Amino acid sequence: MQAIETKLKGCFVLEPTVFGDSRGYFFESYNKHIFDKLINQNITFIQDNESYSSKGVLRGLHNQRGEYSQAKLVRVTQGEVLDVAVDFRPDSATYLQHVSVKLSSENKKQLFIPRGFLHGFVVLSETAVFNYKCDNWYQKEAELGVIYNDPKLNIDWLLDDSVLLISEKDKVLPTVSNI
């Protein structure tokens, strides 16, 4: 496995070594020892989550604050998504900057998103299965979100707004300026 740090400190794209032949393929999607060494941190994931979505579903931008902040390791096991991580750490040199990475069942890339980041994704294929590991428990009262189309963030979601499917909850998230 190879880890490539993005322009956002602590946020990494992970590319596995895939062994394939006429029968299919094999790769190690997660190995704590190797992962911690690659990102130079000691992360203990405590929960795995999975979502299934259809084309145009946009989930985000979400975060958990304070002691319930979460680091995530995300990947796609079916389909393709555009995954977005926004540096939401006020003391960071890259505060409010973002990275966008296409994750798919074909490229098998993963994205490690450190604590303090906003996170979201949009489904580019007909359907997608999105998997993520979290290093902290979900707490409803710690939820924080920013509207997906905040002009300060200027994220290109690659799909026209007219085809986006967004939850009612996510449609009314505040802008960065209103938090």
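About its Cα centre, segment 67-179 has a charge dipole of approximately 340 debye under the convention of +1 per Lys or Arg Cβ and -1 per Asp or Glu Cβ, with nothing else charged. With the charge dipole of segment 2-178 set up from +1 on Lys and Arg Cβ and -1 on Asp and Glu Cβ about the Cα centre, the Cα lying farthest toward the positive end among the listed residues G116, L38, A85 is that of L38. Say the cut-off is 24 Å between C-alpha atoms; which of K55/K108; K109/K169; K9/K109; K7/K108; K9/K169 go over it? Check vs 24 Å cut-off fails for K109/K169; K9/K169.
Among 166-175, 147-156, 9-18, 53-62, sorting by the average number of other beta carbon atoms lying within 10 angstrom of each residue, highest first, gives 53-62, 9-18, 147-156, 166-175. Just want the answer: with Cβ charges of +1 for Lys and Arg and -1 for Asp and Glu, which residue in N149, Q97, S22 is farthest toward the dipole's positive end in segment 2-178? Towards the positive end, the residue furthest out is Q97. Annotation: peptides 88-96, 101-109, ranked by per-residue average of other Cβ atoms within 10 Å with the highest first, follow the order 101-109, 88-96. Using alpha carbon centroids, what distance separates segment 7-49 and segment 68-141, in Å? Rounded to whole Å, the Cα centres lie 14 Å apart.
Each 10 Å bin from zero holds the following percent of Cα-Cα pairs in the chain: 9, 38, 38, 12, 2, 0. Note on K169 and E106: the extension gain reaches 19.6 nm, defined as 0.36 nm multiplied by sequence separation minus the Cα-Cα distance. For a Förster distance of 45 Å, can you work out the FRET efficiency between the beta-carbons of S125 and D91, rounded to the nearest 0.05? For R0 = 45 Å, the calculated efficiency reads 0.75. Think of it as helices only: each DSSP H run of n ≥ 4 in the chain is worth -39500 (n - 2.57), and spread over all residues that comes to -1500 deg cm²/dmol at 222 nm. The calculated FRET efficiency for the pair S177 and K9, based on their C-beta separation and a Förster distance of 22 Å, comes to about 0.35.
Rule-based calculations on the coordinates, nothing more; no lab input. Remember, predicted model here, so these are calculated numbers, not experimental data. Cβ: placed from backbone, ideal geometry, glycine included. Neighbour counts: every protein chain shown.
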